[in-house]
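So the structure is just underneath, and the comments pick up after that.
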Amino acid sequence: MFSLLSLWMANKMKTLWLAITMLLPHGVSAIESGKQAVQQDISKTISLQDSQTERSDTFYLSNQEKPHSEIIKMSFGTILKLYGKEKWLEMVRQHFLQEINKQRAVLGNLALTSHTVLNDVAQSKAQDMADNDYFDHTDKQGVSDAGRLVKDGRYKVQMFGSNISYNIKNIGEVVQSYVDNKKRNTGHYDVISVKDYKDLWVGLAMGKNGTRYIVVNYWAEFSKK
């Protein structure tokens, strides 16, 4: 009787052991799979967060979300580093225009607008000063700022004003220098106050020695020749 019971118990234990050994790898595999799935979810979440942060940073820059009050206090070099060669001059022009228009609004004058072609004329003047190391409204060939537009040949000159500056480090300080010159009656502020002006063009170039040349031109109505 004992031997039969022992045999029966042995068979049961063997069957149970076989069942355990068959199930155990699958159980371990399922647990490991679960762990891997959790790790993958964590990795995906981290990756998504990084991606969203990167997209957010890109969106921040491309949409120029930095406030105007910050941009006008940044050095031109910082704007260049922040926005890159493709965007920095556009940013300078945009915020120069906004700052000048703030001054005009105080005087009750209409806001000025920007013009791509005429920005190029201002830029050519700034670059010429940088390349040829001079600071004057008349270049080394005797051509005035207004004469540069005439020489360009695409537009007539009707009303014109020009401010040039060098080595002023940011937009806010350039515009403030115009305002400060109002008391000294140098004419730098006058070009802001003329109500008939309608366009503002900005040029900015760096000389070989790091000198910054800034050209801000004001124009009234213009027409193609």
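The values are calculated or read from the model by the stated rules, or taken from the named source; none is laboratory data. Being a predicted model, the structure only gives us computed values, none of them experimental. For neighbour counting, all protein chains shown are included, and Cβ atoms are generated from backbone atoms with ideal geometry for every residue, glycine included. The area values use the complete protein model at the heavy-atom level, side chains included, leaving out ligands, DNA and RNA. Shrake-Rupley method; radii C 1.70, N 1.55, O 1.52, S 1.80 Å.
Restricted to the stretch 73-97, and to residues that are basic (K, R) and assigned to a helix (DSSP H, G or I), which residue is most open to solvent (accessible area, probe 1.4 Å)? Don't jump to the end; show me each part of the working.
Going through the stretch 73-97, the residues basic (K, R) turn out to be 73, 81, 85, 87, 93.
When the remaining residues are screened for being assigned to a helix (DSSP H, G or I), the result is 81, 93.
Numbers: K81: 179, R93: 43 Å².
The qualifying residue most open to solvent (accessible area, probe 1.4 Å) is K81.
With N167, N217 as the choices, which residue is closer than 30 Å to E70 by Cα, of a type outside the set (S, T, Y) and without any contact (Cβ under 8 Å) to a residue 60 or more places away in the chain? Working first, answer last.
Values: N217 fails: without any contact (Cβ under 8 Å) to a residue 60 or more places away in the chain.
None of the other options fit; the residue is N167.
Name the single residue, out of those in the stretch 159-180 being in a loop (DSSP other than H, G, I, E, B) and in contact with a strand residue (DSSP E or B) (Cβ under 9 Å, 6 or more places away or on another chain), that is farthest from Y213 (Cα to Cα). Walk me through it before giving the result.
Step one: list which residues in the stretch 159-180 are in a loop (DSSP other than H, G, I, E, B), which gives 159, 167-170.
If we keep only those that are in contact with a strand residue (DSSP E or B) (Cβ under 9 Å, 6 or more places away or on another chain) too, we end up with 159, 167-169.
Numbers: M159: 23, N167: 7, I168: 9, K169: 10 Å.
Restricting to residues being in a loop (DSSP other than H, G, I, E, B) and in contact with a strand residue (DSSP E or B) (Cβ under 9 Å, 6 or more places away or on another chain), the top hit is M159.
Could you check how many residues of the stretch 109-119 are open to solvent by 30 Å² or more (accessible area, probe 1.4 Å) and touching a residue at least 40 places away in the same chain (Cβ under 8 Å)? Give the steps one after another, and end with the answer.
Residues of the stretch 109-119 that are open to solvent by 30 Å² or more (accessible area, probe 1.4 Å), as a first pass: 110-111, 113-117.
When the remaining residues are screened for being touching a residue at least 40 places away in the same chain (Cβ under 8 Å), the result is 110, 113-115.
Number satisfying all stated conditions: 4.
Tell me, yes or no, whether the stretch 130-147 has at least one residue that is β-branched (V, I, T), at pLDDT 90 or above and either at negative phi or in contact with a strand residue (DSSP E or B) (Cβ under 8 Å, 6 or more places away or on another chain) (or both). Quick ask: steps written out before the conclusion?
To start, the set of residues in the stretch 130-147 that are β-branched (V, I, T) comprises 138, 143.
Right, trim to at pLDDT 90 or above and you get 138, 143.
Within this subset, residues satisfying the condition of being either at negative phi or in contact with a strand residue (DSSP E or B) (Cβ under 8 Å, 6 or more places away or on another chain) (or both) are 138, 143.
Yes.
Of all residues being assigned to a helix (DSSP H, G or I), closer than 26 Å to K195 by Cβ and not β-branched (V, I, T) in the stretch 127-151, which is most open to solvent (accessible area, probe 1.4 Å)? Just the residue, please. Give the derivation first.
Just the residues of the stretch 127-151 that are assigned to a helix (DSSP H, G or I), to begin with: 127-132, 145-151.
So of that shortlist, the ones also closer than 26 Å to K195 by Cβ come out as 145-150.
Then keep just the ones that are not β-branched (V, I, T); that gives 145-149.
Values: D145: 9, A146: 26, G147: 22, R148: 43, L149: 1 Å².
Among those residues, the one meeting the criterion is R148.
What do you reckon, is Y218 within 16 Å of Q103 (Cβ to Cβ), at pLDDT below 90, in a loop (DSSP other than H, G, I, E, B) and within 29 Å of the chain's Cα centre (by Cα)? I'd like the intermediate steps shown before the answer.
Details: within 16 Å of Q103 (Cβ to Cβ): yes; at pLDDT below 90: yes; in a loop (DSSP other than H, G, I, E, B): no; within 29 Å of the chain's Cα centre (by Cα): yes.
So Y218 does not fit the description; no.
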